[in-house]
Amino acid sequence: MTPIQLIRLNMPHFRAKTWNTKAMSTKSVKSCFAKSMRPMKEFKRPRISKISVVGAGQVGTAISAMLLLRNLTKNLVILDINYELAKAEALDFQHASAFLSDARVVPCGDSTNSKDSDVVIITAGARPSGKDRSRLAAMQKTVEILKKAVPKLVELSPNATFIIISNPADVMTYAVQRITNLPKHRCFTTGCHLDTVRFRNLIANRLRLPPSQVHGYVIGEHGASAVPVWSSVSIAGIRLNDVVKNLACGDDPENWAKINKQVTTGGLAVAKTKGYTNWAIALTCADIVQAMSGGKGKIACVGTDMKGLNGIQDNVVLSLPCLVTAGGISHVFELPLTDVEQSKLLASANILLEAQCSLSI
């Protein structure tokens, strides 16, 4: 195994922009009380971090809730082609703004109010329906939606970081990168960050430990071919494979390999009853936004074009550990992998490459 290597991505410094009052959808009504409020001529309103969530469905609304509850923005735009739905969701939040640090929540139906966003989170997409319920058909429908919506969003917020949640997330991130030519450090998906948290949680439950104290990663596709990196799992500085015989491979007397399937099917188990998943991905997305808001950022398994890393030869969007900070992804970590893990990662890349090539962009 080779030492961990750091790959720096081109990340321009964040540029603050002045607030554009023309982007407001509603005008404040003047009151006689305004005579009692004397403005200071020297005062200039500071730039407030602005986030736009595209899609007011179950996932988009859950993400909006988590961003507000965790106080990650005071200026949130909820955008949906169904403006009345976006308006209802925004109004529902706005009614309780006093509990949300007086956050401003604005609906939008045509992208206008998203202007000068710092972060744009895309959840919009199509579900399999009608006679053709295939995954490929749903992917292509989602691509058509993105082709119409995303260029305008980029035009209005050219310096924003775009986080892609639309399913399948890796393939749709590739599509958005191709549609917009956004740099890969500013257009990525939460990818295997959720799979990684599930992985750590399952190991922690088995060992009766807090999930936050288990370290390890899931890489590759955010989906069926995801690769749990057992060789990276450690607790209190102790590598699990140093103390557990045939960890998740070979005879595997303790049946750790059972966790592999639980990692990749965890979302399906929830969706089977609910019909969808939303809270876990919402928390995952909020965690990434929080990392971008902090000082030094956070290492998380997120997905972008990883060509040239860990033996990947093609332009394929998949997840590897990345340093996420203000402005997006600043570094990618090349994990030292076993031969089996490396083989599985390349197999995952090939599956994603095939899906990418099936799209009409």
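The values are calculated or read from the model by the stated rules, or taken from the named source; none is laboratory data. Because the structure is a prediction, the values reported are computed rather than measured. Reconstructed Cβ throughout: ideal geometry from the backbone, glycine too, with neighbour counts over all protein chains shown. In case anyone asks, the SASA skips ligands and DNA or RNA and just uses the protein heavy atoms, side chains included. Shrake-Rupley method; radii C 1.70, N 1.55, O 1.52, S 1.80 Å.
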Fill in: Table column - 3J(HN,Hα) (Hz), the stretch 198-205, Karplus curve with 6.51, -1.76, 1.60, x for Gly and Pro
4, 4, 5, 5, 5, 5, 4, 4
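With the Cα gyration tensor of the stretch 192-358 in hand, convert its eigenvalues to equivalent ellipsoid semi-axes via √(5λ) and list them largest first in whole Å. The partial results should precede the final answer.
Values: eigenvalues 106, 79, 66 Å².
In descending order, the three semi-axes are 23, 20, 18 Å.
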Practice prompt. Hey, can you grab everything whose amide H is under 5 Å from the amide H of residue 187? Only 5+ residues off in sequence or another chain; H modelled, so Pro and N-termini drop out.
Written response: 162
Worksheet item: Size of the dipole of the stretch 47-189 about the Cα centre, Lys and Arg at +1 and Asp and Glu at -1 on the beta carbon, nothing else charged, in debye to 20?
Response: 380
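If you place +1 on the Cβ of every Lys and Arg, -1 on the Cβ of every Asp and Glu, and leave all else neutral, what size is the dipole of the stretch 176-232 about its Cα centre, to the nearest 20 Debye? Each step should come with its number before you reach the end.
Working: 7 positive and 2 negative charges, 21 e Å.
So the dipole magnitude of the stretch 176-232 works out to roughly 100 debye.
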Worksheet item: Can you list the aspartates and glutamates whose alpha carbon sits under 15 Å from that of residue 298, skipping same-chain ones fewer than 8 residues off?
Response: 287
Worksheet item: Amide H neighbours of residue 116 under 5 Å, counting only residues 5+ apart in sequence or on other chains, H built in-plane at 1.01 Å?
Response: 157
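From the P(r) of the chain, can you give the percent of Cα pairs sitting at distances over 28 Å?
Numbers: 29538 of 64980 pairs.
Every Cα pair in the chain considered, those over 28 Å come to 45 percent.
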Response to the item:
Hull surface over four for the Cα convex hull of the stretch 117-211, reported in nm², is 7.9
Practice prompt. Scale the Cα Rg of the stretch 272-325 by the rule-of-thumb value 2.2 N^0.38 Å and send over the ratio, two decimals.
Written response: 1.42
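How large a share of the accessible area of the stretch 243-361, in percent, is made up of carbon and sulfur atoms when the probe is 1.4 Å and the other protein chains stay in place? Each step should come with its number before you reach the end.
Numbers: 3000 of 5480 Å².
Here carbon and sulfur together make up 55 percent of the probe-accessible area.
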Worksheet item: With every protein chain kept in the model, how would you rank 215, 331 by accessible area, 1.4 Å probe, largest at the top?
Response: 215, 331
Worksheet entry | Carbon and sulfur %, accessible surface of the stretch 47-189 computed with the full protein complex present, 1.4 Å | 55
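At 1.4 Å probe radius, can you tell me the per residue accessible area of the stretch 47-189 in Å²? Numbers along the way, then the final one.
Working: 5910 Å² over 143 residues.
Using a 1.4 Å probe on heavy atoms only, each residue of the stretch 47-189 averages 41 Å².
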Fill in: Folded to 0 to 90 degrees: helix 258-274 orientation relative to the chain principal axis, Cα
40
Worksheet, complete the sentence: With Cα coordinates, the longest principal axis of the chain makes an angle with the long axis of helix 339-357, in degrees rounded to 10, of 50
Fill in: 3J(HN,Hα) from dihedral phi, the stretch 281-292, Karplus parametrisation 6.51/-1.76/1.60, rounded to Hz, x for glycine, proline
5, 5, 5, 4, 5, 4, 5, 5, 5, 5, 4, 6
Worksheet item: Where the centre of each part is set by its Cα atoms, how far does the stretch 254-304 sit from the stretch 65-105, in angstrom?
Response: 23
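Would you rank 333, 33, 99 by solvent-accessible area, highest first, keeping every protein chain in place and using a 1.4 Å probe? Before the final figure, lay out each step's value.
Numbers: 333 40, 33 135, 99 175 Å².
The ordering from most to least exposed comes out as 99, 33, 333.
Take the Cα gyration tensor of the stretch 47-189, multiply each eigenvalue by 5, square-root it, and list the three semi-axes largest first, rounded to whole angstrom.
Numbers: eigenvalues 127, 63, 30 Å².
Its equivalent ellipsoid spans semi-axes of 25, 18, 12 Å.
Can you work out the accessible area per residue across the stretch 192-358, with the rest of the protein chains kept in place, probe 1.4 Å, in square angstrom? All intermediate terms of the calculation are to be shown ahead of the outcome.
Numbers: 7500 Å² over 167 residues.
I get 45 Å² per residue for the stretch 192-358.
What do you reckon, how do 172, 66 stack up by accessible area (1.4 Å probe), largest on top?
Values: 172 0, 66 30 Å².
Per-residue accessible area, sorted high to low, gives 66, 172.
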Discussion item. List the residues, sorted by chain then number, that are 5 or more residues from residue 328 or on another chain and whose placed amide H is less than 5 Å from its amide H.
Written reply: none
